[in-house]
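Novice: Handing you this structure, nothing more for now.
The values are calculated or read from the model by the stated rules, or taken from the named source; none is laboratory data. These figures come from a predicted structure and were not determined experimentally. Glycine also receives a Cβ, built like all others from the backbone with ideal geometry; neighbour counts cover every protein chain displayed. Areas reflect the complete protein model, heavy atoms only, side chains present, ligands, DNA and RNA absent. Shrake-Rupley method; radii C 1.70, N 1.55, O 1.52, S 1.80 Å.
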Amino acid sequence: MSDDDVKKEFKKKAQANPEKFYPVKTLQELGFKRKLCSCGQYFWTTKDKNHCGEPACSGGLSFIGKSPAKKKLGYIQVWKEFAAVHKKLGYTEVKRYPVVARWNPTTDFTIASIAAFQPFVVSGEVEPPANPLVIPQFCLRFGDIDNVGVTGHFCGFIMMGQHAFVAPQNYDINKYLKDHLTWLNKGMGLSNDDITVHEDAWAGGGNYGPCVEFFSAGLEISNQVYMQYEVPNKELKIKVLDMGQGMERAGWFTQGATTSYETTFPEVLKKLRKTTGMEYDEAFMKKFVPLSSYLKVEEGVDLEKEYLGVAKKLGMQVTELKEKVQKIAALYSVAEHSRTLLVALRDGALPSNVGGMYNLRVILRRALSFIEKYKWNVDICDVFEWHAQELKELFPELSENLDTTKKILEVEKIKYAQNKEKTAKLIEKFGGKQLSTEQLIELYDSHGVDPRDLNIRVPENFYALITKKHENTPQETQTEREEKIELPDLPATKALYFDDWKKIECKSKVLAVKDNFVVLDQTVFYPISGGQMQDTGMIGNLKVLDVFKQGNLIIHKVDGELKKGQEVTCKVDLERRKQITQHHTATHIVNAATRRVLGQHINQASAKKDVDKAHLDVTHYQAITEEELKLIETEANKIVKQKVQVIKEFMPRNKAEKTHGVRIYQGGVAPGKELRIVDIKGIEAEACGGTHLNNTEEAEIIKLVKTTKVKDGVVRIFFLAGNAAKKLTEEKTVLENSLAKELGVKVQEVPSRLEDLFELWKNARKANKKGQKLESYELKKKETYSGDIISKSSELLSTQPEHLIKTIQKFKKEIEEFRK
């Protein structure tokens, strides 16, 4: 069954027996009575009324200009009041989680306050940071991009969460309802006479439960979900209170303002209006906002018809209404999108053409296109600063690393400008032609071209269609080996490689044998996992060819036969173990060093650690320059020389997150209640199951070889550590000296002499083709170069290092032949 079907079925069941499923006791105690609206909705009210309070049933949004709330709360003040009221009720305030949901393998973004605690807290695997708690969680949703600025929708918003995670016997929905009404009464100054409570149901992710919604003056101001069951009909071991209230909506409602944009970022809008010269038409907005919902872009809606209807009610021409609404929506969108992007970029997200991150690029380009369309003298980087200042009291972290945020924006603006050039060319090709929706999306996806610029008809929900294509994508996680070995039920293999990488020997007992696959009771052999290659060595007198995990078992592939019950000695190849371990700890060191050099947006996307090579993929918005690579290498080797202790310990997931933050999730999410944390003290702490050094000095030396782009927003750094790095250095020194000798210059002069040689070779070829004699063939350039000689030489001649000498000799030979 779909979530909608589960919801419908359960709602019918719950409404047939409200005393069992809804907080009827509290409602009755407070004088609420149950009624049925003509629309079919069951609701509770203290008044003698017969409508449920929905806008369609109550005559619209009646709070604008005359809110029933006795307190008029500013945006930040809403949270202060919310936290203060709930503190007295026994709730603990916790800080927001990042909008990039690194702890959740199924999604890119935090889409609701409860999402901060999914999947591990909600499932009961992990203790919450407090219980019960309240949280000002900034959330991202991109399903209504086309409606931002018109209907009051936001891509980024703060959901004030009221949550509890308790055993069934302690779950008390009547108390939770009373607590929330206390907030509405005392915090917002709203009388119960002005509150209507709806009976509803909620379903999602295999869970479901009853839900109540709170309406006042035509607006749904909040809701409480009582998550208690899992499909098909099983009671949850941990029942959850999930109350979510939009902070934007609370401020808007209590102030009785025309739109929530005006009450959410008033200072930013004031500055935007001063910069753009746009004036606020309050008289128009008071008339338009109650009708704005008719203009919501969604499937099946004839927007032209709706615009015609709204224009008629306002006594305006359709063209006049469209021009006015679209310009107002553009200003609101610039404000809203820049705030959303500020939080997302601060939390480590990067605009991209891949997965959910693509939505960030969409809203950035949408904002830039509005600025361009109306010729506003607005720098979006300034708008970011304005938002950071306005939110500083609540989220001071947004004012940090603004320089990096600006760099990301500048790179994106350059890409946007380049795509505008493509647009100009495509206008010649497609201008005036009608294309299918698929072709329009392809134009936007592949070329970054907004088809609206091509003077062709575009679906009103164009951005929604793009967003749907790039919906949240699960994070990459380590998968088990596809080949499954048939084995009996066995106890989990005890792994002995966690504490000390030097532990390479143990006595073990054979628990099961299948062909040449062996399971032991305990092992020192590390199985291929998390991007780290497996150990090799000996079990008894047999070679270990492969080691891998299957569930909680570690399976060894050997080159002979062993017998069940046999006692054996395991011995790992120490040199291989050491080299791979050096590469793994170096991965963590390079990750930290890259973040120090390039900024806090750096996170590991993936990595591979082998004997003769290693690489680290990091999130970054542009190619890493040679100079930046040198700085990262220098920083990494500083950490090595600092002789920092590497602490490896298992701890409960909630303790690990509380101690080190959610940045421990680098390159994926480790499963389980307990996490193994590898903590390079004061440098980098990550959840990791690999073998690691005991001190950074054991890495000996780290050499960064080169970088390359993996995909949009991800850069790969190739590096070596320990003996592999020393060997590379020795080989490079030999090659540098050979190049210098071949060219007759000093090592630092090799690149300039190569440029000279390459230019001479090209001139010789041209002269030869024309049958002319080469006028000059003397090599003169001897400029010094301070960078990587081999990399620069390879770049100049477009060849691999191992082919440099042969290429030079070939050029010299051809020049001599052409001269003759």
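Novice: Does at least one position in segment 727-735 carry a residue that is surrounded by 18 or more Cβ atoms within 10 Å (Cβ to Cβ) and in contact with a strand residue (DSSP E or B) (Cβ under 8 Å, 6 or more places away or on another chain)?
Specialist: yes
Novice: Take the conditions open to solvent by 10 Å² or more (accessible area, probe 1.4 Å), touching a helix residue (DSSP H, G or I) at 6+ places or on another chain (Cβ under 8 Å), touching a residue at least 12 places away in the same chain (Cβ under 8 Å) and not aromatic (Phe, Trp, Tyr) and apply them to Thr106. Does it pass? Please lay out each step first, then the result.
Specialist: On the way: open to solvent by 10 Å² or more (accessible area, probe 1.4 Å): yes; touching a helix residue (DSSP H, G or I) at 6+ places or on another chain (Cβ under 8 Å): no; touching a residue at least 12 places away in the same chain (Cβ under 8 Å): yes; not aromatic (Phe, Trp, Tyr): yes.
No, not satisfied.
Novice: Could you tell me whether segment 712-726 includes any residue that is among the aromatic types (Phe, Trp, Tyr), in contact with a Phe, Trp or Tyr (Cβ under 8 Å, 6 or more places away or on another chain) and open to solvent by 20 Å² or more (accessible area, probe 1.4 Å)? Please lay out each step first, then the result.
Specialist: Within segment 712-726, the subset among the aromatic types (Phe, Trp, Tyr) is 718-719.
Still in the running and in contact with a Phe, Trp or Tyr (Cβ under 8 Å, 6 or more places away or on another chain): none.
No - not one qualifying residue is present in segment 712-726.
Novice: Quick check: is even one residue across segment 311-326 of a type in the set (Val, Ile, Thr), assigned to a helix (DSSP H, G or I) and exposed (fewer than 15 other Cβ atoms within 10 Å of the Cβ)?
Specialist: Let us first name the residues in segment 311-326 that are of a type in the set (Val, Ile, Thr), namely 318-319, 325.
Adding the requirement that they be assigned to a helix (DSSP H, G or I) leaves 318-319, 325.
Still in the running and exposed (fewer than 15 other Cβ atoms within 10 Å of the Cβ): 318-319.
There is at least one residue in segment 311-326 that is of a type in the set (Val, Ile, Thr), assigned to a helix (DSSP H, G or I) and exposed (fewer than 15 other Cβ atoms within 10 Å of the Cβ).
Novice: Can you tell me which residue within segment 736-779, out of those that are crowded, with 18+ Cβ neighbours inside 10 Å and among the small types (Gly, Ala, Ser), is modelled with the highest pLDDT?
Specialist: Out of the qualifying residues, it is Ser752.
Novice: How many residues are outside any helix (DSSP H, G or I) and of a type in the set (Gly, Ala, Ser) if we restrict to segment 619-636? Give the steps one after another, and end with the answer.
Specialist: Kept after step one, since they are outside any helix (DSSP H, G or I), are these residues of segment 619-636: 619-625.
Now narrow it down to the ones that are of a type in the set (Gly, Ala, Ser): 623.
So the count comes out to 1.
Novice: Also, quick follow-up: Are there strands (runs of 3 or more DSSP E) fully within segment 193-237 with at least 1 residues that are hydroxyl-bearing (Ser, Thr, Tyr), open to solvent by 30 Å² or more (accessible area, probe 1.4 Å) and over 26 Å from His153 (Cβ atoms)? List them. Full working, then the answer.
Specialist: On the way: elements: 196-204, 207-216, 219-230.
Where strands (runs of 3 or more DSSP E) fall fully within segment 193-237 and carry at least 1 residues being hydroxyl-bearing (Ser, Thr, Tyr), open to solvent by 30 Å² or more (accessible area, probe 1.4 Å) and over 26 Å from His153 (Cβ atoms), they are 219-230.
Novice: May I pose another question? Report the residue count in segment 121-138 for those that are closer than 23 Å to His180 by Cβ, open to solvent by 30 Å² or more (accessible area, probe 1.4 Å) and touching a strand residue (DSSP E or B) at 6+ places or on another chain (Cβ under 7 Å).
Specialist: To start, the set of residues in segment 121-138 that are closer than 23 Å to His180 by Cβ comprises 121-122, 128-138.
Checking which are open to solvent by 30 Å² or more (accessible area, probe 1.4 Å) leaves us with 129, 131-132.
If we keep only those that are touching a strand residue (DSSP E or B) at 6+ places or on another chain (Cβ under 7 Å) as well, we get 131-132.
Selection size over segment 121-138: 2.
Novice: Next question, about the same structure. Looking only at segment 606-647, which residues are open to solvent by less than 30 Å² (accessible area, probe 1.4 Å) and more than 24 Å from Lys726 (Cβ to Cβ)?
Specialist: Scanning segment 606-647 gives Asp617, Val618, Thr619, His620, Tyr621.
Novice: Kindly provide the set of residues from segment 491-547 that are closer than 16 Å to Val558 by Cβ, among the small types (Gly, Ala, Ser) and open to solvent by less than 30 Å² (accessible area, probe 1.4 Å), ordered by number.
Specialist: Ser508, Ala512, Gly537
Novice: Next up: Please specify each residue of segment 250-288 satisfying the condition of being without any contact (Cβ under 8 Å) to a residue 60 or more places away in the chain, among the charged types (D, E, K, R) and either outside any loop (DSSP other than H, G, I, E, B) or open to solvent by less than 70 Å² (accessible area, probe 1.4 Å) (or both).
Specialist: The answer is Glu262, Lys270, Arg273, Lys274, Asp281, Glu282, Lys287.
Novice: State all residues of segment 649-693 that are touching a strand residue (DSSP E or B) at 6+ places or on another chain (Cβ under 7 Å) and either assigned to a helix (DSSP H, G or I) or among the small types (Gly, Ala, Ser) (or both); if no residue qualifies, say none.
Specialist: Correct list: Arg653, Ala656, His660, Ile664, Gly667, Ala670, Ala685, Ala687, Gly689, Gly690.
Novice: Which of the following residues is within 15 Å of Ser791 (Cα to Cα) and not in a strand (DSSP E or B): Val705, Val734?
Specialist: On the way: Val705 fails: not in a strand (DSSP E or B).
Result: Val734 is the single residue among Val705, Val734 that is within 15 Å of Ser791 (Cα to Cα) and not in a strand (DSSP E or B).
Novice: Can you tell me how many residues in segment 35-50 are farther than 17 Å from Ala217 by Cβ, part of a strand (DSSP E or B), open to solvent by less than 90 Å² (accessible area, probe 1.4 Å) and not charged (D, E, K, R)?
Specialist: Number satisfying all stated conditions: 1.
Novice: Still on this structure, I have one more. Look at Glu385 and say whether it is open to solvent by 50 Å² or more (accessible area, probe 1.4 Å), modelled with pLDDT under 95 and assigned to a helix (DSSP H, G or I).
Specialist: Values: open to solvent by 50 Å² or more (accessible area, probe 1.4 Å): yes; modelled with pLDDT under 95: no; assigned to a helix (DSSP H, G or I): yes.
No: the conditions fail for Glu385.
Novice: Just for segment 139-164: of the residues that are closer than 23 Å to Gly60 by Cβ and part of a loop (DSSP other than H, G, I, E, B), which one is least open to solvent (accessible area, probe 1.4 Å)? Even if it seems obvious, please write down each step before you answer.
Specialist: The first filter runs over segment 139-164 and keeps only residues closer than 23 Å to Gly60 by Cβ, leaving 144, 146-154, 157.
From what is left, the residues that are part of a loop (DSSP other than H, G, I, E, B) are 144, 149-152, 154.
Details: Asp144: 46, Gly149: 7, Val150: 28, Thr151: 34, Gly152: 29, Phe154: 31 Å².
Among residues in segment 139-164 that are closer than 23 Å to Gly60 by Cβ and part of a loop (DSSP other than H, G, I, E, B), the one least open to solvent (accessible area, probe 1.4 Å) is Gly149.
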